[in-house]
Amino acid sequence: MTENDITYKIRGAIYDVYSVLGPGLLESVYEEALVFELEQRGLKVQRQVTVPIVYKGVTLKSELRADLIVEDQVIVEIKSVEEMKKVFSKQLLSYLRLTHKKLGLLVNFNTPDILKSIYRIIN
């Protein structure tokens with residue numbers, strides 16, 4: 001399955017979750033519902049994946065966690081915030097670089113229009 005095929009299914013799952021739950025809930029609620037939807041679509045999903053940080057050849061003790069990794073190809077970062085900040089997309093880009101992945105989706109569920117709140121980030 002290509003990254004575009006995967007992101008198409010992810011976008012559909014995001015839309016379904018938003019249609020049922022609406023805006024304003026905690027990120028953890030959307031994450032759990034999105035995992036359910038993605039698995040229903042036959043996708044392999046890893047949740048709260050530790051992203052190791054390697055600095056000058058040394059793996060640091062500090063850890064980052066990616067919300068979801070789908071089909072071991074696409075990182076999905078979930079937000080439920082009043083205002084999207086540029087740092088969120090930079091954070092996802094850093095996760096992509098650290099994991100050597102090419103594509104991520106950043107989604108904010110706290111919005112009146114979910115279709116305008118899904119951002120594609122490319123490494």
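What to note about this one:
- Here Val51 meets each of (1) under 17 Å from Asn110 (Cα atoms); (2) at pLDDT below 95; (3) in contact with a helix residue (DSSP H, G or I) (Cβ under 8 Å, 6 or more places away or on another chain) with one exception, condition (1).
- Hits in region 24-51 (condition: among the β-branched types (Val, Ile, Thr) and closer than 14 Å to Glu71 by Cα): Val35, Val45, Val49
- Set Val20, Val35, Val45: member being open to solvent by 70 Å² or more (accessible area, probe 1.4 Å), modelled with pLDDT of 95 or more, on the phi < 0 side of the Ramachandran plot and of a type in the set (A, V, I, L, M, F, W, C): Val20
Table: residues versus (1) of a type in the set (S, T, N, Q); (2) without any contact (Cβ under 8 Å) to a residue 12 or more places away in the chain.
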position: Glu39; (1), (2): no, yes
position: Val45; (1), (2): no, no
position: Gly57; (1), (2): no, yes
position: Leu60; (1), (2): no, yes
position: Ala66; (1), (2): no, no
position: Ile69; (1), (2): no, no
position: Ser80; (1), (2): yes, no
position: Gln91; (1), (2): yes, no
position: Tyr95; (1), (2): no, no
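- Residues in region 97-123 that are free of Cβ contacts under 8 Å to residues at least 24 places away in the same chain and either of a type in the set (Lys, Arg) or touching an Asp or Glu at 6+ places or on another chain (Cβ under 9 Å) (or both): Lys116 alone.
- Of all residues in region 48-72, those being open to solvent by 30 Å² or more (accessible area, probe 1.4 Å), more than 26 Å from Val20 (Cβ to Cβ) and touching a Ser or Thr at 6+ places or on another chain (Cβ under 9 Å) number 4.
- Taking the numbered list (1) within 19 Å of Ser89 (Cβ to Cβ); (2) among the basic types (Lys, Arg); (3) part of a strand (DSSP E or B) in turn, Arg11 passes all entries but (3).
The values are calculated or read from the model by the stated rules, or taken from the named source; none is laboratory data. Remember, predicted model here, so these are calculated numbers, not experimental data. No Cβ is skipped: glycine too gets one built from the backbone with ideal geometry, and neighbour counts run over all protein chains shown. Surface accessibility is based on the protein's heavy atoms, side chains included, excluding ligands, DNA and RNA. Shrake-Rupley method; radii C 1.70, N 1.55, O 1.52, S 1.80 Å.
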